[in-house]
Structures are given as structure tokens and as C-alpha cells.
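Structure first, commentary second.
The values are calculated or read from the model by the stated rules, or taken from the named source; none is laboratory data. Because the structure is a prediction, the values reported are computed rather than measured. Cβ: placed from backbone, ideal geometry, glycine included. Neighbour counts: every protein chain shown. When the accessible area is computed, the model is the full protein with side chains, heavy atoms only, and any ligands, DNA or RNA have been set aside. Shrake-Rupley method; radii C 1.70, N 1.55, O 1.52, S 1.80 Å.
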Amino acid sequence: MDFMFLSRFAPQLLSVLRIIAALLFFAHGSAKFFGFPAVEGMYGIPVGSPGGIAGILEIVGGALLVIGLFSRLTAFILSGLMAVAYFMVHAPQNFHPILNSGELAIMFSFVFLYIAAAGPGPWSVDASRGKA
């Protein structure tokens, strides 16, 4: 079967990718600071700690990406955050991402890097402002 018909939906699917990735990312920050969703060991992280700083970026950056505001800059910063998180937290445990539980950090890093390059898609505040 030829799936070329999907290419006409590429701009909208870029928006969907941005929104879903941002919601998943936001959940990490909300678990750290708001206890929702409740994740054992995540709630109550000190704001000034590396995990707390990451949590702030997860909440603020996740919210900005959900609505598509300042998308390219936000996605670029979050891509870097996830690269740093991978090398600080996961890589020292083991070389292989499947063994060090770093697959999600890598995936977020590259999805955000793609969004930084491709833009937020048509369903975004940036697009409505002509800044996409």
C-alpha cells in the first residue's frame, strides 16, 4: 500500500507531535512539583537541585510547546536539557540506552531538536502570529 497520501497531513501531524510530546514532557514537571500524576520518588524535589531546575523547564517549556508559543527556541532549549540529562543521569550507569533507561531522554532530545528545526506546525500560537 502506498502511504504517500499521508504527506498532505504532514503539517498537522507536526502540530500533533509537538502537542503530544509537550504534554508527556509537562507530566514530568507536574509530577515533581504538584504530585500529579503521583510518581513514587518524584514529588518534593528541591527547586534548586538539578532535578528541580529540570522540573521548572519541564513545566514552563512543556506548557509553551503545548500551545506553540516561542516554539523553536523552547524546543531547542529542551532538546539541550534532555541531552544533558542523558549524559549526567543515564550514560554513567551503562553505555547502552536500553540498559540505562535513557531511551526517553534521547527520544525527547531528538523530537525537540526536530521541532526546533521544523517549527511548531499550523496549530500553534506562533503560526497564528505569523512567527512559525
- Task: Under 18 Å from a label point 7 Å along Cα→Cβ of R129: give me every residue in the stretch 41-63 with its amide N that close.
- Result: 60-63
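Of the chymotrypsin sites (Phe, Trp or Tyr not before Pro) in the stretch 39-132, which ones lie in a loop per DSSP and count no more than 12 other C-beta atoms within 10 Å?
Details: sites: Y43, F70, F76, Y86, F87, F95, F108, F110, F112, Y114, W123; in loops: Y43, F70, F95, W123.
Here the chymotrypsin sites (Phe, Trp or Tyr not before Pro) that fit, given the DSSP loop and packing criteria, are F95.
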- Task: Just read off the accessible area of H28 with the full protein assembly in place, 1.4 Å probe, to the nearest 10 Å².
- Result: 60
- Mean Cα-pair separation over length for the chain, i.e. relative contact order, pairs under 8 Å, 6 or more apart, %: 27
- Would you mind checking the tilt of helix 103-118 against the longest principal axis of the Cα atoms of the chain, expressed as 0 to 90 degrees and rounded to 10? 40
- Item | Formal net charge of residues neighbouring M82 (Cβ-Cβ distance under 13 Å; K, R +1; D, E -1) | -2
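In the chain, what percent of the accessible surface is made up of carbon and sulfur (1.4 Å probe, ligands and nucleic acids excluded)? List each step's numbers first, then the result.
Numbers: 5970 of 7870 Å².
Here it works out to 76 percent.
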- Mean shadow area (nm²) of the C-alpha convex hull around the stretch 1-99 is 8.8
- Task: Give me the accessible area of L81, 1.4 Å probe, in Å² rounded to the nearest 10.
- Result: 30
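Taking the Cβ of F25 as the centre, find all other residues whose Cβ is under 14 Å away and add up their charges (Lys, Arg: +1; Asp, Glu: -1).
Numbers: positive: R18, K32; negative: E58.
Neighbourhood net charge equals +1.
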- Message: Quick check on the stretch 48-132: take the gyration tensor over C-alpha atoms, sort the square-rooted eigenvalues as a ≥ b ≥ c, and tell me if it's rounded (a/c under 1.5), prolate or oblate.
- Response: prolate
- Task: State in Å² the accessible area per residue of the chain; use a 1.4 Å probe, count heavy atoms of protein chains only, and round to the nearest integer.
- Result: 60
- Query: What is the gain in length, in nm to one decimal, between R72 and E40 on full extension, counting 0.36 nm per residue of separation less the C-alpha to C-alpha distance?
  - Reply: 8.3 nm
